[in-house]
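The values are calculated or read from the model by the stated rules, or taken from the named source; none is laboratory data. These numbers come from a predicted model, not from an experiment. Don't worry about glycine lacking a Cβ; one is built from the backbone with ideal geometry, like all the others, and counts go over all protein chains shown. These area figures cover heavy atoms from the full protein model, side chains too; ligands, DNA and RNA do not enter into them. Shrake-Rupley method; radii C 1.70, N 1.55, O 1.52, S 1.80 Å.
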Amino acid sequence: MDGLIKNLTLKDIEQVLEIQKACYHEDYWESREKFESILQLYPSGCYGLWCEKPAGYLFSHPWRIGEYVPLDTPIKELPENADCLYVHDIAVLPEFRGKGAGSALFSRALDVARRFRAIELVAVQHSENFWKKLGFREVKDIVYGGRKAKLMLLQ
Ligand SMILES: CC(C)(COP(=O)(O)OP(=O)(O)OC[C@H]1O[C@@H](n2cnc3c(N)ncnc32)[C@H](O)[C@@H]1OP(=O)(O)O)[C@@H](O)C(=O)NCCC(=O)NCCS
């Protein structure tokens, strides 16, 4: 994978929103406030990928195993008894996919995840096989953003 992965700052949110629109069905689009809330509460879990242009991102934050964050609800505070890193969102622009960019973004999250018991996420848009290749297992079927999704865990 060519490109550079760096921690995101608030100045990058505009580009994050553009990538989100290119990567997700509109039922999943989230507001600027949601992304900013994660970045402000847990900047060490938020990364951007720069190729010849901004190409992808990953947002993660501490959370509780078995619970998930509703779509488009800004986070007010992190739980005191957090026991997992929750990968809230990963996206890579279509033209940069299939070359390890998604896996490289996830590897960065693994560094921060070492202090937790597990990594959890909600797999949408039929992405569960991507996550299974990274070691995740399915926990249960849920409805997220009005659509079928899977809660997944890596321990
Ligand atoms: C999911 C996503 C980030 C993967 O990015 P990527 O840069 O293509 O990922 P990688 O190149 O690291 O792929 C790693 C492996 O997973 C596979 N893979 C990638 N996306 C996949 C998907 N959606 N479903 C199944 N397998 C997938 C790749 O083929 C590759 O397999 P290989 O190692 O056998 O070659 C990207 O497809 C994306 O942005 N999708 C839209 C947003 C989205 O749905 N995000 C997931 C939300 S939970």
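Quick rundown of the values:
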| item | result |
| --- | --- |
| Selected from Ala109, Cys51, His25, residue furthest toward positive end of dipole (the chain; charges at beta carbon) | Ala109 |
| Only Lys, Arg (+1) and Asp, Glu (-1) charged, at Cβ; segment 76-128 dipole about Cα centre in debye | 220 |
| Segment 29-49 and segment 77-112: distance between their alpha carbon centers, rounded to Å | 11 |
| Stretchable slack from Ile142 to Leu10, in nm (0.36 nm times residue separation minus alpha-carbon distance) | 44.4 nm |
| Charged-residue dipole, Cβ positions (Lys, Arg, Asp, Glu), segment 17-155 about Cα centre, Debye nearest 20 | 500 |
| Sparse-neighbour loop sites [trypsin sites (Lys or Arg not before Pro); segment 1-76; at most 10 other C-beta within 10 Å; DSSP] | Lys76 |
| Under-5 Å amide H pairs with Tyr86, H placed in peptide plane, nonlocal only | His61, Trp63, Glu120 |
| Solvent exposure of segment 76-155 as accessible area per residue, Å², 1.4 Å probe | 56 |
| Length-normalised contact order for segment 41-155 - Cα pairs under 8 Å, 6+ apart - percent | 23 |
| Charge context of Asn81, other residues only, Cβ under 15 angstrom, K/R +1, D/E -1 | -2 |
| J(HN,Hα) series, segment 56-62, from Karplus relation 6.51 cos²θ - 1.76 cosθ + 1.60, nearest Hz, glycine and proline x | x, 7, 9, 10, 9, 7, x |
| Where GluC sites (Glu not before Pro) in DSSP loops with at most 16 other Cβ within 10 Å are excluded, longest remaining stretch of the chain | 81-155 |
| Tally of Lys pairs whose C-alpha atoms are under 19 Å apart, taken over the chain, 8 or more apart or cross-chain | 17 |
